[in-house]
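The values are calculated or read from the model by the stated rules, or taken from the named source; none is laboratory data. Predicted model, so just to flag it, every value in this text is computed and none were measured. Every residue, glycine among them, receives a Cβ derived from its backbone with ideal geometry; neighbour counts consider all protein chains shown. Calculation scope for accessible area: heavy atoms of the full protein, side chains included, ligands and nucleic acids excluded. Shrake-Rupley method; radii C 1.70, N 1.55, O 1.52, S 1.80 Å.
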Number of protein chains: 2
Amino acid sequence: MERLPGFRDFYPEPVPEGDALAWSASLREHIFRTWRRVAQRYGFVEYDGPPLEPLGLYKVKSGDEIVQQLYHFVDKGAREVALRPEMTPTLARMIAAQFRQYKKPLKWFAIPQLFRYERQQKGRLREHFQFNADIVGEPDPGADAEVIALLVDILRAFGFSPADVVVRISSRSAWQEFYRRHAASSAKDASGEYAFYQIIDKLERTPLDESKKKLAALGIAWEQVEAFLQESPPTVELAAVIENLHARGLASYVQTDYRIIRGLAYYTGVVFEAFDRQGQFRAIAGGGRYDHLIRLLSGGRLDLPALGFGMGDVVLTELIRARGLAPNSSARIQVFCLLENKALDKPTLQLVQQLRDAGVAVDHPLGPEKSDKQFRRAREAGARILVTMEQAPDGMVQAKVRDLLTRQAISCTLHEATGVVLRWLASPENAAQPAQILP
Amino acid sequence: MERLPGFRDFYPEPVPEGDALAWSASLREHIFRTWRRVAQRYGFVEYDGPPLEPLGLYKVKSGDEIVQQLYHFVDKGAREVALRPEMTPTLARMIAAQFRQYKKPLKWFAIPQLFRYERQQKGRLREHFQFNADIVGEPDPGADAEVIALLVDILRAFGFSPADVVVRISSRSAWQEFYRRHAASSAKDASGEYAFYQIIDKLERTPLDESKKKLAALGIAWEQVEAFLQESPPTVELAAVIENLHARGLASYVQTDYRIIRGLAYYTGVVFEAFDRQGQFRAIAGGGRYDHLIRLLSGGRLDLPALGFGMGDVVLTELIRARGLAPNSSARIQVFCLLENKALDKPTLQLVQQLRDAGVAVDHPLGPEKSDKQFRRAREAGARILVTMEQAPDGMVQAKVRDLLTRQAISCTLHEATGVVLRWLASPENAAQPAQILP
């Protein structure tokens, strides 16, 4: 029985090669942990909803076409349901149900797995994990700066420098004003405006002649767009956001760039996307302000300004690997307790338990196994310290503790052994290792 | 648009009351983190598979009836697919695909969300999260002891004492032997044996007369069962497991109890279930040895002894709450930087960034807000420390740092403020708080 196409398995290290959809579970956990840690520093709190929602929840925002791209089906209760393709509708549903409960502005984040099923896209992933952070209930550009700062600090936490990544910031409202000023009167409606955003969004990936032709159909000359791209000063809002990020010392990670517009219809203000500087990968993250979306999604029950961004795990993982920033996670344990004499089973188990109670990652042979095989297994599992129980000539049980890194060795009582192990593990030679195994 | 019946939303604190399916996201994260931490101490490594699998994967083990209890549908590629109802088939699929890659025994864990759709079960949850830990490739009872020790240590990590919980250990093989000795020859087949396991599994929840009647139909007298329950000594295997747990100092959490048998057909050796001692809740966890299942699930490609257990989040959460063991998670931040003078926006943002870079959870007003409202928000968010920038008479900018817990206050330079905050947060009065917010 095979895995479904477009889905990934997450394996322990060493991750098998030769299967492009066998990914690393420990790298995934590193990413989740980093997202969570930085979001919490910013005072964002976690939420989550079901991976399965009523299909209608997605039609409200995206119309009937979205159904083409969803995993959807009719359940046994005759309900039309869908695996969630995005998180914002769930966020709006949850907030609309309970908004009196929370003080505004809300700063919420989630790490949902999202699903898309476009037919005819062989080899494309049909699921990914996406960090979502949103601020709801704050119209001030200070909120725009706060979410962009969060995005930058997440990138920094993964180890990316300003030479690796950039957040390109733009203004949907400036483009809207541009469109309403320059478009032919016949094209001044929502569908013309949406078509225009699509053209600008795809500029960098489309032959210029094609873009020019499409713009002309809306009554807009390429030269007008070019002038806007090159000469427009930042809007008042954008200037406030940039100044704010400057005060935080994060300005080297951002630049104003009107080529960013975001394709979707519902953005209303500042928009932004994060890229690798080399332009090797698709966007790492994207977001912006969507002040009318909560009202739409909540069926008019709630009208709050809002903004946020999403960052998927796929491009991010590729970029982390490409820049050599994946943490070394080959060590599964810190200590291996060898068992060379079956009669010393009991004190060995005692020590195993003591060490684990102290938070140390420990393994030991579960059944009879030759000494050299135990030793090999300890090395393969990344153990730094080996402990062997021994019967001293006087009959007393002693623990022999060996540090494979510093090559220290000591014999001590069972009682003393835990302390020795903890001291050695805490020594600087190994500072990075326990933290990676035991977060 | 409403949430689907049987699904939960996970809300930030304070979790709204009055909606039985609005659960706490931070308590969920506490549970996941505890599962992960203890498993890693035991040298278990994480894996995960897709939440959607081919329907056939579940029929192999459980027959066609399982389909009645699944969320299943036909996808756009005409594949029969199902939301995973359990993790073991995925584990077997993943191991069968890559078993050469890993050294035996494997110690793997996962925290999947699982789905069941039984019609006519209004009010029942249709999803839950389940910690799964399995050891594959080790026949020795030392492996059985290791997974039971892991289960006990997870319960200990949540704060449960031997007075709160007990792991009842039994032997499926002993019951199998009993059945083969005592059953009527006409009932000595797989279906009779399975029926017998079901009767024993449901003994405590079934009127005795009914159980007696069902046993008689298999040629077994109640007195034989009763004698076995009361008088049978532990099997050799069970004795080895108990002795092993005794050496670890965990014996007070376990007891031999032949009333445990596990309903499912595929167990082959030691089986166990964890309960609250008061008998208030359903089983907290259950598992055992299933030495032939990997062969079955892998279509004969792989034949390895295996064992493991599952622990769901629902009963566990109820028990944690009932015993008052949920961590206090009302504090969303540690520090709030007030902004009383718009001209001091820049140094305030500088300090916010410095503190966050140091790992501190900080919030600040995102837009103009009155002082008293800022102060109220800081308190509501659980901030222990308040910082306000002030312009000293000589024009210098100073930071006023206030500790709401110790009532200390100090004025210092912006440069010194981060150090002051870190020292105060590290002071014992607050030792527990940062750890809860920032794991």
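Determine if segment B:364-380 includes at least one residue that is more than 9 Å from chain A (Cβ to nearest Cβ) and aliphatic (A, V, I, L, M). For segment B:364-380, residues more than 9 Å from chain A (Cβ to nearest Cβ) and aliphatic (A, V, I, L, M): present. Scanning segment A:255-280 for residues that are crowded, with 17+ Cβ neighbours inside 10 Å and among the acidic types (Asp, Glu) yields A:Glu273, A:Asp276.
One residue stands out among those in segment A:281-316 that are among the charged types (D, E, K, R), in contact with a strand residue (DSSP E or B) (Cβ under 9 Å, 6 or more places away or on another chain) and farther than 18 Å from A:Tyr267 by Cα: the one that is least open to solvent (accessible area, probe 1.4 Å), which is A:Asp313. Set side by side, the residues B:Ala383, B:Ala378 differ, and just one is hydrophobic (A, V, I, L, M, F, W, C), assigned to a loop (DSSP other than H, G, I, E, B) and modelled with pLDDT of 95 or more, which is B:Ala383. Among all residue pairs at least 6 apart or on different chains, which show Cβ distances below 7 Å where the first residue, located in segment B:275-293, is within 27 Å of B:Pro89 (Cβ to Cβ) and free of Cβ contacts under 8 Å to residues at least 40 places away in the same chain and the second is among the acidic types (Asp, Glu) and crowded, with 23+ Cβ neighbours inside 10 Å? Going by the 7 Å Cβ cut-off, the qualifying pairs are B:Ala283/B:Glu273; B:Gly286/B:Glu273.
Among the residues of segment B:268-275, some residue qualifies, meaning at least one is touching a Ser or Thr at 6+ places or on another chain (Cβ under 8 Å) and over 18 Å from B:Leu151 (Cβ atoms). Of all residues in segment B:255-280, those satisfying the criterion of being assigned to a loop (DSSP other than H, G, I, E, B) and of a type in the set (Val, Ile, Thr) are B:Ile260, B:Ile261, B:Thr268. The single condition from (1) more than 7 Å from chain A (Cβ to nearest Cβ); (2) touching a residue at least 40 places away in the same chain (Cβ under 8 Å) that B:Asp19 fails is (2). Taking segment B:89-106 as the range and being of a type outside the set (Phe, Trp, Tyr) and open to solvent by 20 Å² or more (accessible area, probe 1.4 Å) as the test, the residues that pass are B:Arg93, B:Ala97, B:Gln98, B:Arg100, B:Gln101, B:Lys103, B:Lys104. Within segment B:26-56, the only residue that satisfies the criterion of being closer than 22 Å to A:Ala82 by Cβ, at the interface with chain A (Cβ under 7 Å from one of its Cβ atoms) and touching an Asp or Glu at 6+ places or on another chain (Cβ under 6 Å) is B:Gly49. Being open to solvent by 10 Å² or more (accessible area, probe 1.4 Å), at the interface with chain B (Cβ under 9 Å from one of its Cβ atoms) and in contact with a strand residue (DSSP E or B) (Cβ under 9 Å, 6 or more places away or on another chain) is not true of A:Ala143. Given the structure, is A:Glu80 open to solvent by 40 Å² or more (accessible area, probe 1.4 Å), farther than 23 Å from A:Ile284 by Cβ and more than 10 Å from chain B (Cβ to nearest Cβ)? For A:Glu80, the condition - open to solvent by 40 Å² or more (accessible area, probe 1.4 Å), farther than 23 Å from A:Ile284 by Cβ and more than 10 Å from chain B (Cβ to nearest Cβ) - is met.
Each row is one residue, and each column tells you yes or no for (1) over 19 Å from A:Tyr58 (Cα atoms); (2) aromatic (Phe, Trp, Tyr); (3) not assigned by TED's automatic domain parsing to the domain that holds A:Ala381; (4) not in a strand (DSSP E or B).
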position: A:Arg282; (1), (2), (3), (4): yes, no, yes, yes
position: A:Gly287; (1), (2), (3), (4): no, no, yes, no
position: A:Arg301; (1), (2), (3), (4): no, no, yes, yes
position: A:Leu304; (1), (2), (3), (4): yes, no, yes, yes
position: A:Gly308; (1), (2), (3), (4): no, no, yes, no
position: A:Val314; (1), (2), (3), (4): yes, no, yes, yes
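For the condition open to solvent by 30 Å² or more (accessible area, probe 1.4 Å) and either on the phi < 0 side of the Ramachandran plot or at pLDDT 95 or above (or both), B:Glu13 qualifies. Taking the listed residues A:Ala163, A:Ala157, A:Ala174, the one that is open to solvent by less than 30 Å² (accessible area, probe 1.4 Å), touching a residue at least 40 places away in the same chain (Cβ under 8 Å) and assigned by TED's automatic domain parsing to the domain that holds A:Ala22 is A:Ala174, with no other qualifying.
Here A:Tyr71 meets the list (1) in contact (Cβ under 8 Å) with a residue 12 or more places away in the chain; (2) facing another protein chain (nearest Cβ under 9 Å); (3) open to solvent by 10 Å² or more (accessible area, probe 1.4 Å); (4) not aliphatic (A, V, I, L, M) almost entirely, failing just condition (3).
Does A:Glu127 fit the bill of being in contact (Cβ under 8 Å) with a residue 40 or more places away in the chain and in the same structural domain as A:Ala227 (by TED's automatic domain parsing)? Criteria met by A:Glu127. Checking the stated criteria, B:Tyr102 turns out not to satisfy the condition of being within 10 Å of another protein chain (Cβ to nearest Cβ) and within 23 Å of the chain's Cα centre (by Cα). Pairs meeting the criteria (first residue in segment A:239-256 and of a type in the set (Val, Ile, Thr), second residue open to solvent by 20 Å² or more (accessible area, probe 1.4 Å), beta carbons under 6 Å, at least 6 apart or on different chains) are A:Val241/A:Pro141; A:Thr256/A:Pro234.
Just one of (1) open to solvent by less than 50 Å² (accessible area, probe 1.4 Å); (2) at pLDDT below 95 fails for A:Ala343. It is (1).
In segment A:356-371, which residue that is in a helix (DSSP H, G or I) and modelled with pLDDT of 95 or more is surrounded by the fewest Cβ atoms within 10 Å (Cβ to Cβ)?
Just the residues of segment A:356-371 that are in a helix (DSSP H, G or I), to begin with: A:356-357, A:371.
Those left that are additionally modelled with pLDDT of 95 or more: A:356-357.
Numbers: A:Arg356: 21, A:Asp357: 15.
Among residues in segment A:356-371 that are in a helix (DSSP H, G or I) and modelled with pLDDT of 95 or more, the one surrounded by the fewest Cβ atoms within 10 Å (Cβ to Cβ) is A:Asp357.
Being open to solvent by 60 Å² or more (accessible area, probe 1.4 Å), among the small types (Gly, Ala, Ser) and under 35 Å from the mean Cα position of the chain (by Cα) is the filter; apply it to segment A:386-439 and report the residue that is modelled with the lowest pLDDT. Checking each candidate, the answer is A:Ala435. Would you be able to say whether some residue in segment B:324-337 is in a helix (DSSP H, G or I) and either surrounded by fewer than 20 Cβ atoms within 10 Å (Cβ to Cβ) or of a type outside the set (S, T, N, Q) (or both)? Checking segment B:324-337: not a single residue is in a helix (DSSP H, G or I) and either surrounded by fewer than 20 Cβ atoms within 10 Å (Cβ to Cβ) or of a type outside the set (S, T, N, Q) (or both). State which residue is nearest to B:Ser252 (Cα to Cα) when the search covers only segment B:263-280 and only residues that are touching a strand residue (DSSP E or B) at 6+ places or on another chain (Cβ under 6 Å) and among the small types (Gly, Ala, Ser). Restricting to residues being touching a strand residue (DSSP E or B) at 6+ places or on another chain (Cβ under 6 Å) and among the small types (Gly, Ala, Ser), the top hit is B:Ala274.
Please go through segment A:124-140 and pick out each residue that is at the interface with another protein chain (Cβ under 10 Å from one of its Cβ atoms) and either open to solvent by 40 Å² or more (accessible area, probe 1.4 Å) or among the small types (Gly, Ala, Ser) (or both).
Of everything in segment A:124-140, those that are at the interface with another protein chain (Cβ under 10 Å from one of its Cβ atoms) and either open to solvent by 40 Å² or more (accessible area, probe 1.4 Å) or among the small types (Gly, Ala, Ser) (or both) turn out to be A:Gly137, A:Pro139, A:Asp140.
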